[in-house]
1. Take the stretch 19-38 and flag every residue that is crowded, with 17+ Cβ neighbours inside 10 Å and among the basic types (Lys, Arg).
2. Return the total of residues in the stretch 39-56 being among the hydrophobic types (A, V, I, L, M, F, W, C), exposed (fewer than 11 other Cβ atoms within 10 Å of the Cβ) and over 15 Å from THR3 (Cβ atoms).
3. If I filter the stretch 1-18 down to residues being farther than 13 Å from VAL61 by Cβ and among the hydrophobic types (A, V, I, L, M, F, W, C), which single residue comes out as most open to solvent (accessible area, probe 1.4 Å)?
Amino acid sequence: MITKYKALLDKLAASDMPPTAQYRINVEKIARYRIAAAQENLDDPEKVEELCNCGQVEELVVQADNEMKVMDMYLRNRWWELVKPVDIEYNPSDEDGGHGDVEWGDTPDGEKK
């Protein structure tokens, strides 16, 4: 398991994908976390499974294999170049939670049911 997740990190490091690409950030975080969980619990696969919370160790290995396939496609097609930044407007301090003048429980046409 450790070897497979290190291979993912090595492939990313050798690629020309920018370190700011969200896909790279996510894969690196997951891989590093799973490597650390496995290294700290070499004799306790149940603990690794509990920490990773994504199935049995064998399934985590399959997930790493699958991620390698996805990464190959991602790198080959340079998909990070297609991702454009999006501005999201969100103000949690709005009294109505940012939902305008719609009150919960009202129907869209204003009739109470």
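1. Those that are crowded, with 17+ Cβ neighbours inside 10 Å and among the basic types (Lys, Arg): ARG24, ARG34.
2. Total satisfying the criteria: 0.
3. Looking at residues that are farther than 13 Å from VAL61 by Cβ and among the hydrophobic types (A, V, I, L, M, F, W, C), I get ALA14.
Residue-wise test of (1) at pLDDT 95 or above; (2) open to solvent by 100 Å² or more (accessible area, probe 1.4 Å).
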position	(1), (2)
GLU58	yes, yes
VAL61	yes, no
MET73	yes, no
GLU89	no, yes
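The values are calculated or read from the model by the stated rules, or taken from the named source; none is laboratory data. Model, not experiment: these values are computed from the prediction. Positions of Cβ are generated from backbone atoms using ideal geometry, with glycine treated the same way; all protein chains shown enter the neighbour counts. Surface accessibility is based on the protein's heavy atoms, side chains included, excluding ligands, DNA and RNA. Shrake-Rupley method; radii C 1.70, N 1.55, O 1.52, S 1.80 Å.
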